[in-house]
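Each remark here refers to the structure printed beneath this line.
The values are calculated or read from the model by the stated rules, or taken from the named source; none is laboratory data. This structure is a prediction, so every number in the text was calculated from the model and none was measured. Please note: Cβ atoms are built from the backbone with ideal geometry, for glycine as well, and neighbour counts cover all protein chains shown. All accessible areas refer to the heavy atoms of the entire protein, side chains included, with ligands and DNA or RNA removed. Shrake-Rupley method; radii C 1.70, N 1.55, O 1.52, S 1.80 Å.
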Amino acid sequence: MSNPTTPIHRAPLSQQHRRVITTTSPDAIGAQVSVTIDGVEAKVPFGVTILEAAKNAGVKIPTLCDHPDLDVAGVCRMCVVEVEGQRTLQPACTFPVVNAMKVNTHTRKVRMARKHVLELLLSEHCGECYSCVRNGNCELQSLAEEYGITEYSFGHPEEPMFETDESSYSVMRDMNKCIRCRRCIRTCIDIQEVGVLEAVGRSNKVTIETFEDMPLGTAVCINCGQCVNRCPVGALYAKDETDAVWAAIDDPDKHVVIQTAPAPRSAMGELFGLEPGTPVTFEMNTALRRAGFDKVFDTNFTADLTIIEEGTELILRLYKALVEKDESIALPQFTSCSPGWVKYLEHFYPEYLPNASSAKSPQQMFGALIKTYYAEKLGFDPEKIVSVALMPCSAKKFECNRPEMRDSGYQDVDFGLTTRELGKMFKEAGLHVPSLPKSDFDDPFGSATGSGVIFGATGGVMEAALRTVIELVTGEKVESIYDHGDIIPVRGFEGVKYAELTIPKVGPVPEIVAHLVPNWDWLNGATLKVAVAHGTANAKKVMDDIKAGGKFSECHFIEFMACPGGCLGGGGQPIPTSADIRAARARAIYSEDSAYAVRKSHENPAVLATYGEFLTEGPCGHKSHKLLHTEYTARGKHMPQA
Amino acid sequence: MATTTLQQDQLRTEVEALVEKLGPGRSSLIPILADVKRRFHAIDSETMQTIADVLDIHPVEVYSVASFYAFLHGAPEGQFVVRLCGTLSCDFAGKDAVADALKAELGIDFDQTTDDGLFTLEWASCVGMCDQGPALLVNDDVHTRVTPESAREILAACRAAAVAKEG
Amino acid sequence: MPATIETKGNALTYETIEAEAGLKAALAMSRADLVDAVRDSDLKGRGGAGFPTGMKWGFCAAEKADQKYIICNADEGEPGTFKDRVILTRFADLVFEGMTIGGRAIGASLGIIYLRAEYTYLRPHLVEVIQRRRAAGLLGHDVCGVEGFDFDILVAMGAGAYVCGEETALIESLEGFRGEPRNRPPFPVVAGLLNNPTVVNNVETLASVAAIFAKGADWFKTFGTDKSTGYKLFSISGDCDKPGVYEFPWGITVADLLKEVGGEGAKAVQIGGASGVCVPARDFARALAFEDIPTGGSVMVIGPERDILDVAENFLDFFVEESCGQCTPCRLGNVQMLEAVKLLKKGECPPAFLANVKALGATMQVASKCGLGQTSPSAFLSILEGFGDEIANRAPSA
């Protein structure tokens, strides 16, 4: 199956590959071609673009509409260069090197073209850098600086032409800043197959709109924020709730707790100049306390809890389906911790909602527990608790505001803060995270396992679940089947992964689920079929296959993540994003996992304590169902007339 | 109002029949939109979503394509779309006087539709009658050497045709 | 048939071409020889770009593919151009003949004529001609009895977008997308409609092909000049006594053309449509040919009383309306040129701004993604160049 960042069908076929191979000289494919860039000759493989050849030669060519995850567009014209023999300038991002050619990247014509492109964009770009969310991290700003733009040769708009669309819980749209690079469109249609945005109109009246220009909150947007991650400017951004969180922190009456997820911890360093993949987990705990949070919890705790609840749910489904032959049981079971994926399922495949695990996401499980178990245990008035979650995710803002997420009697999670928002708060407080001393998470939810950490990467939930299921069912350590307990077949960035695990033997039923199944005999020798998909375009492939009764309809358990790469690529993570950056973040996550002493969810002492003290009926018991499980809404994809 | 909206299931049947005739791929999109526009003088939200569903593309893509083409944008239009050529040769030949006459006669400005839903007035880019301007199109029919007087006659003929159709 | 019959002009060589003579001659030749014959004639595209037709066919013929297409570009949208309308009205058979020959040459089994929406009134006629040709065995299975040569033609409609006259935008439109030109390479002859090798030819080019095969490449070269072979139709309109479609030899001077159509006394002539150049009276000795002023044939005569800035404004209004909006220079550059013209009309254009816009025009000519943005500055720049005095001597508005 293809890489999630290999785009689908939107672009003309001739542009779907970044290398354009012509067939008139088949013997040239694979050969080396000479290209002279600014007088320096190099040999490059036949068919690479001038942009790629230049990169290899250490020559920088500016781009705006180009993005490593996306089809080429060739619309901004920033990357135009002179190619000897061509009358017009050619865009380096798409022009292929197929025969020996001489390229000049900074002749007068090229420099004038770059200047004009930037000045034209600025003639329409209404907004000032100071007050912009992307100040300091804006591609237009950087290019204007690099290419010496010192005046608005074609003017600059004083008044905004468009109202900002703030209807969504998660993604805000400001067309005044849009440079019409089309990255958001290519992301939403090609990478995510959600299809919320497109170019509308013609000429200078082109705007990027939703269907019938309806507010984003009403469209089928799943809040994944992938568009935000790829927007070069401040036209798309996640909702900023830092003011409200500061207000809570400033209020002496409020007890402000924060849970932090693994993916932001592997990326927060990027906001402070560190290389992607440098975790700052424990430094960040210190920063959070100094910023004024009263307690710092580790979302891995509820990640482990999710594994127990969801794993138990899976076991029960399998038992009912395979042993009791109950035909009404929906299989495969889908994970449900990705709120972007959940909304995608609700819109596009609502008939499959019964397949979604009823378990809440770790964020929401924590929210419910904090305002009940934690409040009880430590004597806090839940009314005064402000529960914040640090997430890599923009959809979490939608999730925590879902009307059913109030099982504690209050809004379970008050704020889902993105990595970027918290980075902003740290900077406002003068906290340079990387240079702070390390400190631990707070009890009673401080302990975590490696299984919880890997939730941040695609395949992580699956691996965590399998580690637990394998050990509970076989009675053997998972290390005896997989080296170091690393279940490699479900790791990696392939768009859809499929694996089969045959259960070699069965052991006794552990106490934690002993009340639910009499024995494991019915799984002895069974082959568990699992799959992992990340990016909703890949989710679509799997779902369409299931609908058609294909291979994936015979799976037992499928992990779905809305974002390419899994949560580490989430809509709240530092910008920019690319396959390399996501891979670096994944390496950090898996190495954190390796370093943990405890690496299986069912061995997390805090989790076991919670079942002992609070969720005494055990996983999927009555209290669990009330606090840790949820229901979904069949939304369908029909959009109401404005 | 000139537009007619269909019930959901009838709409779907109509769209599916068009796809049957024109082919299942996206290549049928523009002919389908043109057909809908011609018959119903508008392409509304429900229609676009049905077309999107049948062709297996996103509704916003249908909306985007319709918005690009001058003859396809989805906003409701009158029974008679009057397009006056604004390009140079027709300008030299006196399109301004014709424009004034049309506006006065219909009581609307360009890019508007009369209240009775009969006429929409639009500018057109060169319609290829440069030797016989001013030229205007009324739906698919072309009229040349149009004068303020003949423009009024054309409108009157349209009104008569509309009445005859009703009867 | 509506008023199209009214278009006047002079005698057209197309009237003398015997129906199907070209097709029959072509089908008696080998496929390779077909491309050579067109190359030999040195026929250049009649839509305005002037690309050598034989070369285009040759590239496409060399591609190996299961499916190929030949498309007739009948999106005639260039202001001042109406010759294709006349050819389609009077010589549709020749056009379809040319398509059939082209299909044979490149190995396409399907031809598509992309007819602009504004010419919908021509559609019934074209459909009727196609049906007649099918009934006569000139289209369909084993065309003209040539075993294995299946070729048919269907009519596809445009929907009101000048930019769809650009071949890759046309193809995008056929595929159900916005008419936004593609990145090239690859060119349509390699990867065109649905990624298949595709030739897109202008209406007049295809009619010329039929004539070339009817009477021979050498005959074709007896017309025109060295580099501009063959005969050409010109669409003449504007301030002249006898507008219409004329056949003139390539190489005719502007002055001589104006004499023929009763346009002497003009102060300027716009050649090549809105995307062409504005030629001032002092340059009327120049010739219409690929060697001097290339053109698809649109000639608009600008009388002595006309305000040349009105002309510039009219064309820029056109481009602001018709730009597809994809690439930055065109999307945002046309409005700047229009703004400059409006200020010039009032006598209020700051010299620095005008200098910037002129430089921008030069950038647009080399950095825009397609021919529309590459040529939209031409009229504006040539007017500034050719009518500097008239423009500079405007009094600022009171």
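General observations
- The separation of segment A:317-362 from segment B:108-167, counted between C-alpha centres, amounts to 59 Å.
- Among the protein heavy atoms of chain A, carbon and sulfur supply 52% of the accessible surface, probe 1.4 Å, non-protein parts ignored.
- Accessible area buried at the B-C interface, both sides summed, 1.4 Å probe (Å², nearest 100): 3100 Å²
- Here the extension length gained between residue A:483 and residue A:616 equals 44.4 nm, from 0.36 nm per residue of separation less the Cα-Cα distance.
- Report note on the peptides A:233-245, C:272-284, B:13-25, C:72-84: ranked by the mean count of other C-beta atoms within 10 Å, highest first, their order is C:72-84, C:272-284, A:233-245, B:13-25.
- Along its first, second and third principal axes, ordered by size, segment C:13-217 spans 41, 36, 30 Å in Cα coordinates.
- Mean-position separation - Cα centroids, segment C:15-66 and segment C:331-398, in angstrom: 40 Å
- Cα gyration tensor shape of segment C:170-306, rounded if a/c is under 1.5, else prolate or oblate by comparing a/b with b/c: oblate
- The modelled label-to-label distance for the pair residue A:406/residue C:307, using points 7 Å beyond Cα in the direction of Cβ, is 6.5 nm.
- Estimated Rh, segment C:317-382: Kirkwood, alpha-carbon pairs, angstrom: 11.6 Å
- Degrees, to the nearest 10: B:29-40 long Cα axis against longest axis of chain B: 60 degrees
- For residue A:396, the aspartates and glutamates whose Cα comes closer than 15 Å to its Cα, not counting residues fewer than 8 places off in the same chain, are A:240, A:241, A:404, A:412, A:414, A:421.
- Relative to the longest principal axis of the Cα atoms of chain C, helix C:328-345 runs at roughly 40 degrees.
- Taking the square roots of five times each eigenvalue of the Cα gyration tensor of segment A:140-189, the equivalent ellipsoid has semi-axes of 25, 16, 9 Å, listed largest first.
- Measuring r between the beta carbons of residue A:146 and residue A:100 and using R0 = 25 Å, the FRET efficiency lands at 0.25.
- Centroid-to-centroid, using Cα positions, segment A:488-566 and segment A:104-182 are 46 Å apart.
- Rg/Rg_ref, segment B:5-72, where Rg_ref = 2.2 N^0.38 Å and atoms are Cα: 0.96
- Ordering of A:54-67, B:146-159 by packing [mean C-beta count within 10 Å, highest first]: A:54-67, B:146-159
- With each label modelled as a point 7 angstrom along the Cα→C-beta vector, the residue A:511-residue C:11 pair spans 11.1 nm.
- Cα→Cβ-extended label distance, 7 Å offset, between residue C:394 and residue C:359, nm: 2.3 nm
- Rounded percent of accessible protein surface that carbon and sulfur make up, segment C:1-105, 1.4 Å probe: 53 percent
- For chain C, the fraction of C-alpha pairs more than 32 angstrom apart is 35%.
- Normalising the Debye intensity of segment C:91-140 to I(0), with uniform scatterers on Cα atoms only, and taking log10 at q = 0.13, 0.20, 0.32, 0.33 Å⁻¹ returns -0.31, -0.71, -1.30, -1.32.
- Rounded tilt (10° steps) of A:460-474 against the dominant C-alpha axis of chain A: 30 degrees
- To put it simply, the accessible area of segment B:80-166 at a 1.4 Å probe is 48 percent carbon and sulfur.
- Solvent-accessible area buried by pairing A with B, both sides, nearest 100 square angstrom, 1.4 angstrom probe: 1700 Å²
- With one equal scatterer per alpha carbon and no solvent term, the Debye-computed log10 I(q)/I(0) for the protein assembly as shown at 0.06, 0.07, 0.09 1/Å reads -0.57, -0.76, -1.12.
- Probe 1.4 Å, accessible area per residue of segment A:526-641, Å²: 35 Å²
- Within segment A:305-353, the trypsin sites (Lys or Arg not before Pro) that combine a DSSP coil assignment with at most 16 other C-beta atoms in a 10 angstrom radius are A:325.
- Solvent exposure of segment C:308-387 amounts to 26 Å² per residue of accessible area, where only protein heavy atoms count and the probe is 1.4 Å.
- Using a 1.4 Å probe over protein heavy atoms, the accessible area lost on pairing A with C, summed over both chains, comes to approximately 3600 Å².
- Prolate/oblate/rounded call for segment A:201-341, Cα gyration tensor, a/c under 1.5 rounded: oblate
- Modelled label reach - residue A:36, point 7 Å along Cα→Cβ, segment A:88-121 residues with backbone N closer than 18 Å: A:97-108
- For segment A:110-260: rounded, prolate or oblate by the Cα gyration tensor [a/c cutoff 1.5]: oblate
- Look at the alpha carbon pairs under 8 Å that are at least 6 residues apart: their mean separation over the length of chain A gives a relative contact order of 16 percent.
- For the options B:136, B:11, B:121, a Gaussian network treatment of chain B with springs between C-alpha atoms closer than 10 Å singles out B:11 as fluctuating the most.
- Here the calculated FRET efficiency for residue C:241 and residue A:633, from their Cβ-Cβ distance with R0 = 45 Å, stands at 0.05, rounded to the nearest 0.05.
- The GluC sites (Glu not before Pro) of segment C:315-398 meeting both criteria, a DSSP state outside H, G, I, E and B (loop) and at most 12 other C-beta atoms within 10 angstrom of the site's C-beta, are C:348.
- Overall dimensions of segment B:80-166 as given by Cα atoms, namely Rg and Dmax in Å: 12.1, 39
- What the Cα atoms of chain A give is an Rg and a Dmax of 25.7, 80 Å.
- Percent of Cα-Cα distances greater than 16 Å, calculated over segment C:232-302: 34 percent
- Mean residue ellipticity (222 nm) of chain A, computed from DSSP H runs ≥ 4 via -39,500 (n - 2.57), nearest 500: -8000 deg cm²/dmol
- Unit charges on C-beta of K, R, D, E only; dipole of the protein assembly as shown, Debye: 2040 debye
- Accessible surface, segment C:13-217, averaged per residue in Å² (probe 1.4 Å): 30 Å²
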